[in-house]
């Protein structure tokens with residue numbers, strides 16, 4: 001895609017960057033909305049935010065001019081460091097920081113390489129203003145062993161807190177070597193579009209069901225020889241077994257293919273899949289109006305869940 005094209009192929013010189021920070025708080029709505037309010041900057045639109053108490057995680061989607069989006073993301077990281085204490089936080093989702101992951105994504109008029117520069121700028125500001133060290137990942141990674149987020153997050157906050165002062169290979173790219181005592185570190189990166197998609201199993205939340213969800217995740221994820229660009233884990237969420245997935249290349253692995261693969265593996269074990277959920281937004285090109293995954297996704301309103309449409313009608317800031 002050229003720098004002058006939007007996602008749907010129309011020429012557009014307006015520079016728009018998306019940022020999807022993930023914060024390690026999914027139970028306290030007041031805290032999450034305080035973080036979101038801190039991100040209000042002229043030139044930035046609020047497109048989506050959601051909370052998940054079991055994952056103990058919130059995902060915020062903003063978009064706008066590059067400089068304004070960087071400032072909004074940095075402010076959000078600072079407010080998260082103020083409000084979230086990882087020494088008292090737990091959830092099923094891995095994390096290393098209060099503002100755990102901050103990816104910059106090109107939408108129009110901006111290249112992935114330019115988003116790398118934005119990520120570096122944001123990471124430096126987060127350290128200088130708030131004393132939270134930063135690891136750069138994906139396209140912004142300065143080392144090959146930090147391209148994959150799961151490698152950066154190995155050991156989570158508790159493990160990284162110990163290892164960063166003992167092992168030079170685990171030290172942050174900016175700041176440190178000690179992590180922030182309560183806010184940990186942030187992974188700041190640049191990447192293409194990622195779709196966060198979860199499917200529940202119809203067999204409830206028994207130990208056997210969660211074990212099956214983990215087996216399905218192991219079989220479908222790319223690192224285990226499964227589907228290209230798919231990251232997955234099996235968890236207990238909302239009292240039920242869930243296959244929690246990230247799709248990093250929806251062109252090569254469309255949602256339809258992923259949904260069918262999960263359904264087929266579950267059926268081999270005599271279990272049906274239940275509803276799915278999309279966390280955050282998806283690009284227009286990933287939308288398949290008549291697909292099974294759309295019909296089985298809870299409260300999927302294209303006007304609210306598709307990035308290009310939401311950009312035309314952003315949310316009000318809390």
What one gets for the range 161-249 as the Kirkwood radius, inverse of mean 1/r over different Cα pairs in Å, is 15.3 Å
Helix-only [θ] at 222 nm, the chain, -39500 (n - 2.57) per DSSP H run of 4+, per residue, nearest 500, equals -9500 deg cm²/dmol
Mean 1/r over distinct Cα pairs of the range 195-312, inverted to a Kirkwood Rh in Å, yields 14.2 Å
The range 16-190, convex hull of Cα, quarter of hull surface, nm² -> 8.5 nm²
proj_area_mean for the chain (convex hull on C-alpha atoms), units nm², value 15.2 nm²
Expressed in angstrom and rounded, the centroid-to-centroid distance over alpha carbons for the range 232-276 and the range 116-192 is 30 Å
Once both label points are put 7 Å beyond Cα along the C-beta direction, the residue 14-residue 249 separation in nm becomes 3.1 nm
Checking 261, 72, 190 against a Gaussian network model of the chain (alpha-carbon springs below 10 Å), the top fluctuating residue turns out to be 261
Listed residues 154, 143, 120; largest mean-square fluctuation, Gaussian network over the chain with Cα springs below 10 Å, found at 143
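A short reminder: the numbers here are calculations on the coordinates, not readings from a lab. No experiment lies behind these values; they were computed from the predicted model shown. Backbone-built Cβ (ideal geometry, glycine too); neighbour counts: all protein chains shown.
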